[in-house]
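Here the structure comes first, spelled out in structure tokens, and everything after it is commentary.
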Amino acid sequence: MLSEVLALRAGGTAFVVEVGRPVPQVLHWGADPGPGRDDDLRLTSAPAVLNNSPDVPRVLSVWPTERDGWSGTPAQSGNAAGFGTTPRPELEAHSVDVPADGVGGRIEFRFVDRVCALRSAVVYELDRFGVLAVTMSVERDAALGAGLAPYTVDGLLALLPVPERAVELLDFTGKWCRERAPQRAPFGFGTHLRAARRGKPGHDSPYLLAAGTASFGFGHGEVWAAHLAWSGEQRYLAERLPEGAGVFSAVVGAGESLRSGEVILADGERYEAPPVLFVWSDAGTDGIADRLHRRLRARPRHPRPPRPLVLNTWEAVYFDHDLDRLTRLAERAAAVGVERIVLDDGWFHGRRDADAGLGDWFVDADVWPAGLDPFVKVVKAHGMQFGLWFEPEMVNLDSDLARGHPDWILGPRAGLGPSARRQYVLDIARPEAYDYLLARIDDLVRTHEIDYLKWDHNRDLLEAVSRATSGGERPSVRRQTLALYRLLDELRARHPGLEIETCSGGGGRVDLGILDRTDRVWASDCNDPVERVQIERWTRVLVPPELIGSHLGADRAHTTSRTTDLSFRLVASLTAHAGIEQDLTAADDAELATIAAWAALYRELRPLLHTGRVVNADLADDATALYGTVAQDGSRALFTWVRFRTSAAGQSGRVRFPGLDRTSRYRVTLREELGAASRHQGHDPDWVARAARGPVELSGAVLAGAGVPLPTLNPQQAMLIDIERIS
């Protein structure tokens with residue numbers, strides 16, 4: 001009797017499994033071979049039996065263990081006081097739910113494990129965009145193993161196979177002000193493991209792990225990628241064994257990184273692993289981004305209204321909170337077209353610098369003798385929204401909160417380790433600390449009719465143990481992360497119109513777990529456009545532009561001391577959720593007029609920028625970049641041509657514009673309202689010179705197929721190219 005084959009299909013992607021026993025096996029994940037080929041996949045699912053190997057063919061099951069002959073990293077690791085170390089799940093039940101139109105669906109497998117005294121489950125959900133979400137769980141059931149000690153979960157990993165042609169790996173690293181720096185490596189034998197042990201994903205977060213065909217790029221090659229939607233500690237894995245993974249070559253996957261003893265299951269207790277999103281594309285990393293962006297934009301609570309132009313006060317005034325100065329700043333902001341002002345750090349009790357005050361979330365009467373109301377009224381009178389900065393998960397020792405509740409600080413009783421940024425972590429999983437934060441933030445939002453919170457988190461969690469647990473100290477990163485989620489969820493429930501931005505020393509906590517509860521990410525503290533363009537370019541692999549804050553900074557960057565032209569800074573901060581950090585009270589009339597023109601251009605283009613498909617040209621010269629946004633119906637596109645530094649090439653040659661229809665005809669306009677980019681050449685290519693005098697018409701066959709020559713810009717220069725379809 002043939003076993004059952006189940007399949008989920010959507011967007012050219014398929015996930016196919018065979019419901020065999022004791023555990024179903026994965027037959028396929030990737031390009032949809034078509035519904036009539038599932039039996040062929042089953043027929044070809046058994047590999048050779050190798051020399052010096054198990055006497056039955058190896059399989060890659062949906063819960064890989066040593067019982068399957070799998071010698072790689074197992075899906076489950078743990079023990080019951082040293083026993084139950086070899087998981088042996090057996091299929092108990094399964095269900096499948098596929099919509100009537102056959103697009104996407106859900107498969108659930110439920111297992112019983114009498115060796116480990118556990119019941120477990122894995123759920124696969126494929127959305128209509130081709131993104132496969134995998135969730136796993138285990139539950140202790142003492143009836144299955146009487147006498148066994150509670151089960152310590154050391155980790156659950158969601159693993160999926162990739163074929164032999166996946167020969168290269170891409171993931172990310174970084175540091176403060178240089179987040180999401182890509183790194184590539186051959187997909188060799190052994191384990192490529194990236195672990196984040198910072199209490200959050202971190203500035204060096206792996207972010208997204210992709211395996212792909214040789215030299216895959218933005219717009220070409222097959223890619224199999226995984227992302228862990230979780231804001232705590234993480235593990236990403238790519239693994240290739242000499243014997244392969246069943247009929248496959250290797251696996252990729254991810255899961256929460258648990259500290260020893262963090263999850264110990266007594267009878268009836270359950271551990272639910274955070275979801276892992278798996279995405280396949282035959283159109284490079286831009287294809288991965290397109291699927292993820294469409295998934296996010298389909299969420300019921302995804303921001304729909306036009307994303308307001310923001311002014312954040314940090315780099316304008318720092319801790320110098322003075323009502324008259326801030327009023328002048330707000331008036332200048334309104335004049336250039338700002339729609340939301342965010343009052344950053346420095347407004348609360350005792351906060352005159354970074355050494356004190358964190359935790360005391362009361363308006364400082366010495367700085368604000370009449371409270372925040374006078375400034376809020378100024379902001380609202382100019383038709384702008386009001387936002388406020390918080391860092392609720394942190395505390396300074398020099399604060400009333402720390403002095404009154406030293407046991408609320410996350411850390412060992414033996415003594416706290418070194419501070420970071422002169423601050424420590426508040427144990428927000430402790431009910432009293434959680435209730436205090438919720439009450440203070442809720443009261444401030446309600447009292448001042450706050451529209452927006454900038455939610456910061458500026459240090460790693462080291463020795464993250466809670467002193468609130470009975471019987472001693474327990475690792476608490478997971479509890480801390482879940483408490484954060486509860487706090488955000490409760491605030492949004494109490495204030496349905498409230499928007500929240502996630503910031504973590506810039507881009508140290510950017511993941512789809514936090515984005516389920518927030519409306520924007522602060523990709524980096526670096527507003528230097530040379531660095532920022534690269535940071536945002538790779539942030540967009542996961543996050544759509546309308547959720548990425550991108551701000552105009554001062555001519556001399558606060559974080560790098562690099563000096564850049566106003567036009568370059570404006571172009572670089574236009575194509576996401578735009579904002580301003582620069583002190584507008586120090587700008588002259590000419591600068592203000594240019595910034596006002598930029599604000600008007602942003603309002604014109606944001607319907608395109610915040611709904612379109614992100615594309616990037618694959619270029620031989622990495623000193624340059626061409627990236628853009630193409631309307632979903634292909635009617636319009638905006639591209640940015642940028643040069644970061646000099647290079648050996650004197651000119652670009654023909655550059656292709658990705659995402660355009662080769663059968664259409666287009667009108668091409670240079671948008672120079674912000675100033676013309678400086679050139680490193682005698683004359684522009686002829687078509688560019690013509691476009692400088694007025695729009696030119698070109699075919700998609702040339703723009704997207706043959707390509708066009710582009711100007712050789714000087715370093716730290718950029719130009720905007722507006723393209724409209726005319727036929």
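Which part of segment 239-268 falls in the paramagnetic zone of R413, meaning amide N under 19 Å from the point 7 Å along Cα-to-beta-carbon?
So the set is 261-262.
Could you work out what % of the accessible surface of the chain is carbon and sulfur, using a 1.4 angstrom probe and leaving DNA, RNA and ligands out of the count?
50 percent
Can you list residues from other chains, or at least 5 along the same chain, whose modelled amide H is less than 5 Å from the amide H of F362?
Under 5 Å from the amide H of F362 lie the amide H atoms of H349, each far enough along the sequence or on another chain.
What full-extension length gain, to one decimal in nm, is calculated for D353 and K175 as 0.36 nm per residue of separation minus the Cα-Cα distance?
61.7 nm
Testing the spin-label approximation: label points 7 Å from Cα along Cα→Cβ at E673 and S215. State their distance in nm.
Each label point is offset 7 Å from its Cα along the Cβ direction, giving 4.1 nm.
Need one number: nm distance between label points at E272 and A81, each 7 Å from Cα along Cα→Cβ, rounded to one decimal.
3.0 nm
Just want to confirm a number: the relative contact order over the chain, from Cα pairs under 8 angstrom separated by 6+ residues, in percent.
Reported as a whole number, the value is 10 percent.
How high is the relative contact order of segment 36-177, in percent, with contacts defined as C-alpha pairs under 8 Å that are six or more residues apart?
19 percent
What's the FRET efficiency of L144 with D97 using the Cβ-Cβ distance as r and R₀ = 25 Å, to the nearest 0.05?
Step by step, r from the Cβ atoms, then E = 0.35.
Which whole-Hz ³J(HN,Hα) couplings does segment 139-156 yield from phi under the Karplus relation 6.51 cos²θ - 1.76 cosθ + 1.60, θ = phi - 60°, glycine and proline marked x?
My calculation for segment 139-156 gives 9, 6, 10, 4, 5, 7, x, 4, x, 6, 5, x, 9, 8, 8, 8, x, 10 Hz in order.
Enter the accessible area per residue of segment 643-709 (Å², integer; probe 1.4 Å; all protein chains in place).
The answer is 54 Å² per residue.
Highest mean first, how do 556-569, 97-110 rank when packing is the count of other Cβ atoms within 10 Å averaged over residues?
Ranking, from highest mean packing down: 556-569, 97-110.
Given H placed 1.01 Å from N in the peptide plane, which residues other than close sequence neighbours of L208 have an amide H under 5 Å from its amide H?
F172
Taking the Cα atoms of segment 277-416 alone, what are Rg (to one decimal) and Dmax (as a whole number) in Å?
For segment 277-416, the Cα radius of gyration and maximum Cα-Cα distance read 20.5, 60 Å.
Students often check this: by mean Cβ neighbours within 10 Å, which of 212-224, 414-426 ranks highest, and how do the rest follow?
Per-residue mean Cβ counts within 10 Å order the peptides as 212-224, 414-426.
When the Karplus curve 6.51 cos²θ - 1.76 cosθ + 1.60 is applied with θ = phi - 60°, which whole-Hz ³J(HN,Hα) does each residue of segment 563-574 get, with x for Gly and Pro?
Whole-Hz 3J(HN,Hα) from phi for segment 563-574: 9, 9, 5, 4, 4, 5, 5, 5, 4, 5, 9, 8.
I need to check one value: relative contact order of segment 352-409, counting alpha carbon pairs closer than 8 Å and at least 6 residues apart, in percent.
Relative contact order comes out at 49 percent.
Under 1.5 on a/c is rounded, so check that first for segment 478-631, then, if it is not, pick prolate when a/b is larger than b/c and oblate when it is not; a ≥ b ≥ c are the square roots of the alpha carbon gyration tensor eigenvalues.
prolate
With every protein chain kept in place and ligands, DNA and RNA left out, what is the accessible area per residue of segment 1-90? Probe 1.4 Å, answer in Å².
Heavy-atom SASA per residue in segment 1-90 reads 48 Å².
With every protein chain left in place, what is the accessible area of Y627 in Å² (1.4 Å probe, nearest 10)?
10 Å²
Just how large is the dipole of the chain about the Cα centre, in debye to the nearest 20, putting +1 at every Lys and Arg Cβ and -1 at every Asp and Glu Cβ?
Roughly 1020 debye for the chain.
(1) 42, 39, 23; (2) 59, 27, 26; (3) 44, 37, 20: which one is semi-axes √(5λ) of the Cα gyration tensor in Å as calculated from this entry?
Read-out taken from this structure: (3).
Go through V153, A195, A617 and say which Cα lies farthest out towards the positive end of the charge dipole of the chain; charges sit on Cβ, +1 for Lys and Arg, -1 for Asp and Glu.
Towards the positive end, the residue furthest out is A617.
Using DSSP, restrict attention to beta bridges with both residues in the chain and report what percent are antiparallel, rounded to the nearest 5.
Antiparallel: roughly 85 percent of the beta bridges in the chain.
T669: accessible area at probe 1.4 Å, nearest 10 Å²?
Accessible area, nearest 10 Å²: 40 Å².
How large is ³J(HN,Hα) for each residue in segment 89-98, as worked out from phi by the Karplus curve 6.51 cos²θ - 1.76 cosθ + 1.60 (θ = phi - 60°), to whole Hz, x for Gly and Pro?
Karplus values, whole Hz, x for Gly and Pro: x, 10, 4, 9, 6, 8, 9, 9, 9, 10.
Which whole number of Å³ per residue matches the convex hull of the alpha-carbon atoms in segment 1-79?
Cα-based convex hull of segment 1-79, divided per residue, equals 124 Å³.
Using heavy-atom solvent-accessible surface (probe 1.4 Å) with all chains present, what is the largest-first order of L388, L258?
My answer, sorted largest first, is L258, L388.
What cysteines in the chain have no other cysteine with a beta carbon less than 4.7 Å from their beta carbon?
For the chain, the answer is C116, C503, because their Cβ atoms have no other cysteine Cβ under 4.7 Å.
Put +1 on the Cβ of every Lys and Arg and -1 on every Asp and Glu Cβ in segment 335-415; which of L343, V367, M394 then has its Cα farthest towards the positive end of the dipole?
Among L343, V367, M394, the one farthest towards the positive end of the dipole of segment 335-415 is L343.
Arrange the residues R270, R467, R725 by how much accessible surface each exposes, largest first, with a 1.4 angstrom probe.
R270, R725, R467
Rounded to the nearest 500, what is the 222 nm mean residue ellipticity of the chain from helices alone, with -39500 (n - 2.57) per DSSP H run of 4+ residues and division by all residues?
So the helix-based figure for the chain works out to -5500 deg cm²/dmol.
If you count only protein heavy atoms and use a 1.4 Å probe, how large is the accessible surface of C177, to the nearest 10 Å²?
10 Å²
What full-extension length gain, to one decimal in nm, is calculated for Q183 and D633 as 0.36 nm per residue of separation minus the Cα-Cα distance?
Gain in length upon complete extension: 158.7 nm.
Under a crude label model (7 Å from the Cα following the beta-carbon direction), how far is A335 from D589 in nanometres?
1.0 nm
The values are calculated or read from the model by the stated rules, or taken from the named source; none is laboratory data. Owing to the predicted nature of the structure, the values given are computational and were not obtained by experimental measurement. Every residue, glycine as well, gets a Cβ built from its backbone with ideal geometry; the counts of neighbours run over all protein chains shown. The protein model used for the area step is the full one, side chains on, heavy atoms only, and it has no ligands, DNA or RNA in it. Shrake-Rupley method; radii C 1.70, N 1.55, O 1.52, S 1.80 Å.
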